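In what follows, a structure is listed as structure tokens, so that the remarks can point back to it.
The values are calculated or read from the model by the stated rules, or taken from the named source; none is laboratory data. Since the model is a prediction, treat every value here as computed from it, not as a measurement. Counting neighbours? That spans all protein chains shown, and the Cβs are built from the backbone with ideal geometry, glycine included. For the accessible areas, the whole protein counts, side chains as well, though only heavy atoms, and no ligand, DNA or RNA atoms are used. Shrake-Rupley method; radii C 1.70, N 1.55, O 1.52, S 1.80 Å.
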Amino acid sequence: MFTTITPSFVTDLFSRFKKLFRRAPRLPPRLSPDEKIIHRNFTGKLNEPNVEEQWKARQQNVKDAFTHAWSGYKKFAMGYDELMPVSRLGVDGLGGLGATVVDALDTAMIMGLDEVVSEAGSWIESHLLDRIRQKGQVNLFETTIRVLGGLLSAYHLSGGDQGMTLAQKGPKPTIYLDIAKNLADRLLSAFTSSPTAIPFSDVVLRDSSAHSAPDGLSSTSEVSTLQLEFNYLSAISGDPKYSTEGMKVLAHLKTLPKTEGLVPIYISPHSGEFSGENIRLGSRGDSYYEYLIKVWLQLRDTQDGNFTYLHDMYEEAMRGVKHMLVQKSIPSELVFVGELPVGPKGYLSPKMDHLVCFLPGTLALGVTKGLTKEKAMKDNLLTFEDLENLKLAEDLTKTCFEMYSVTSTGLAPEIAYFHTKDYFESGLDGGNKSSEYVNDIIIKHADRHNLLRPETVESLFVLYRITQDPKYREWGWHIFESFEKYTKVESGGYSSLDDVTTVPPPKRDKMETFFLGETLKYLYLLFGDSSVIPLDKFVFNTEAHPLPIKSS
């Protein structure tokens, strides 16, 4: 049976805000014995303000990195989707909507960079609507998470919908909302053109038409990673059509057969059925699981409470992950998440995309719903299964960090394999011979690139907020230092790398939009005050654009 989605419940979604509350300050980082001597005052106690000053300084370093990245983009690629920092050129690979501008805007707002907010906001006000009206084919998923999500977050953070007013400059919030509605109206054709509840993958913006990919399929993750954005747009526009179409997808996915909550990575918009048997939490599978819990968090306190099915689907899937995909490496027992390339009855591949490193943060969020572990335990909110999931989140976060520390550059490859009793290849380590895990992690030649991805620092941010363990900040700082050392381009911007196992690593000459939209944003928030964008009041879309959680 399909869950009934009516315009009335969507119109009632998110009726008003509860006031945000400030959290207590977090515990300071643990210091080495030498640092303790330096930071002790005459009472022999740690001088905590000095520790926090250190993190403020590190946060400023991230802010400076963002400014450097933006300066290169502004100088050489303004209005293009992405910067090629080595060539000093702009390139359009996401439909030509100036994706870096929109993706970076709310990061600049959170960092208080008014000049960047003004530059980005002015470009959006002057150019984006014309681009949307004139451009051709775009991917529904990428455009929703980056451009629509970025506009909606900017709307809220600039004071729209009684939101925060982080931006002192730039257009009025209604400008962002009006452009978002125009874009979403065109994207809706992917849903309304499809013969099933599953949308087509591609939209032609200028004539609001849509079609499937050449193979006729959509990615499972892509069709199920649109709902946070469309729900919020319905709430602030008063028009239920966006949420209605988005939620039809999840209601339909609920009815399809699964394997312990796990699903294949392809689905047909023509039949509405899954295609193939490949199961993984990397590309084309990842954010299906992420949005099950996040959409539930977004909607659970609204007047219509018929969304428990999302939480049930999430919990079943996480049990399936633990039972079918989680293994430990040899010899040092790193916990990793493998893949089932030929389905549940086939072999487990010890392959783990960097993309899978979203999972620890998602698991931790599912445990405490954004509260600190301390508060959740004090209020007796955690079950044994919750604690088990949080332990898995911590174990996986360590694995994701070791994927960085095992390489010569301190930066992770796009894909890693793990040494198991059934699989090992010699001569394919990460290059850091002093790493304890040099024999556990195998990096094939084709997988050694680094795209400046955010997933690991995203999980470090969430795990730090929830557990308050300072090691996650320290790990984040190590990663940031490696980005600074090996990916920075002096003329402006940061570049993806071709091989993280060699020094110096050859540059790939591309700065993905998510480096400004996600990676640097999560690092900045990791090193800052935890009361900024609190996890129990906001939900981050899969492109790190924070959207407020509303309640009835």
Residue count, the range 259-282 (criterion: open to solvent by 60 Å² or more (accessible area, probe 1.4 Å) and outside any strand (DSSP E or B)):
5
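Can you tell me which of Thr397, Thr308, Thr302 is crowded, with 23+ Cβ neighbours inside 10 Å and within 24 Å of Asn541 (Cβ to Cβ)? Full working, then the answer.
On the way: Thr308 fails: crowded, with 23+ Cβ neighbours inside 10 Å; Thr302 fails: crowded, with 23+ Cβ neighbours inside 10 Å.
Exactly one of Thr397, Thr308, Thr302 is crowded, with 23+ Cβ neighbours inside 10 Å and within 24 Å of Asn541 (Cβ to Cβ), namely Thr397.
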Being among the small types (Gly, Ala, Ser) and not in a helix (DSSP H, G or I) is the filter here, so list the residues in the range 202-221 that pass it.
Ser208, Ser209, Ala210, Ser212, Ala213, Gly216, Ser218, Ser219
Scan the range 400-412 for residues that are farther than 15 Å from Pro504 by Cα and in contact with a helix residue (DSSP H, G or I) (Cβ under 6 Å, 6 or more places away or on another chain) and jot them down.
Cys400, Phe401, Tyr404
Only listed residue being in a helix (DSSP H, G or I) and over 17 Å from Leu535 (Cα atoms), chosen from Leu392, Leu359, Leu363
Leu392
Here the residues within the range 222-258 that are in contact with a Phe, Trp or Tyr (Cβ under 8 Å, 6 or more places away or on another chain), part of a helix (DSSP H, G or I) and open to solvent by 10 Å² or more (accessible area, probe 1.4 Å) are Glu222, Ala235, Ile236, Glu245, Lys248, His252, Lys254, Thr255
Within the range 325-356, the residues that are assigned to a strand (DSSP E or B), β-branched (Val, Ile, Thr) and under 18 Å from Ile279 (Cβ atoms) are Val326, Val337
Matching residues, the range 85-96, being open to solvent by 50 Å² or more (accessible area, probe 1.4 Å), in contact with a Lys or Arg (Cβ under 9 Å, 6 or more places away or on another chain) and of a type in the set (A, V, I, L, M)
Val86
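For every residue, the table says whether it meets (1) under 18 Å from the mean Cα position of the chain (by Cα); (2) open to solvent by 10 Å² or more (accessible area, probe 1.4 Å).
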| residue | (1), (2) |
| --- | --- |
| Gly410 | no, yes |
| His419 | no, yes |
| Ser434 | no, yes |
| Arg448 | no, yes |
| Leu452 | yes, no |
| Gln468 | no, yes |
| Ser495 | no, no |
| Met511 | yes, no |
Matching residues, the range 179-195, being in contact (Cβ under 8 Å) with a residue 24 or more places away in the chain and within 25 Å of the chain's Cα centre (by Cα)
Ile179, Ala180, Lys181, Asn182, Leu183, Ala184, Arg186, Leu187, Leu188, Ala190, Phe191
Consider Lys391 carefully, then state whether it is open to solvent by 30 Å² or more (accessible area, probe 1.4 Å), within 23 Å of the chain's Cα centre (by Cα), in contact (Cβ under 8 Å) with a residue 40 or more places away in the chain and within 20 Å of Val321 (Cα to Cα).
no
When the residues of the range 366-375 are filtered to those that are crowded, with 18+ Cβ neighbours inside 10 Å and not in a loop (DSSP other than H, G, I, E, B), which remaining residue is nearest to the chain's Cα centre (by Cα)?
Gly366
Taking the criterion of being touching a Gly at 6+ places or on another chain (Cβ under 9 Å), among the β-branched types (Val, Ile, Thr) and in contact (Cβ under 8 Å) with a residue 12 or more places away in the chain, would at least one residue in the range 89-98 satisfy it?
no
Does the range 470-484 contain any residue that is closer than 27 Å to Met78 by Cβ and open to solvent by 30 Å² or more (accessible area, probe 1.4 Å)?
yes
Exactly one of Val138, Val101, Val117 is without any contact (Cβ under 8 Å) to a residue 40 or more places away in the chain, open to solvent by less than 30 Å² (accessible area, probe 1.4 Å) and β-branched (Val, Ile, Thr), and that one is Val101
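Only one of these is touching a Ser or Thr at 6+ places or on another chain (Cβ under 6 Å) and at negative phi: Pro173, Pro195. Name it. Give the derivation first.
Values: Pro195 fails: touching a Ser or Thr at 6+ places or on another chain (Cβ under 6 Å).
Unique residue meeting the criteria: Pro173.
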Quick check: is even one residue across the range 209-231 more than 18 Å from Glu142 (Cα to Cα) and in contact with a Gly (Cβ under 6 Å, 6 or more places away or on another chain)?
no
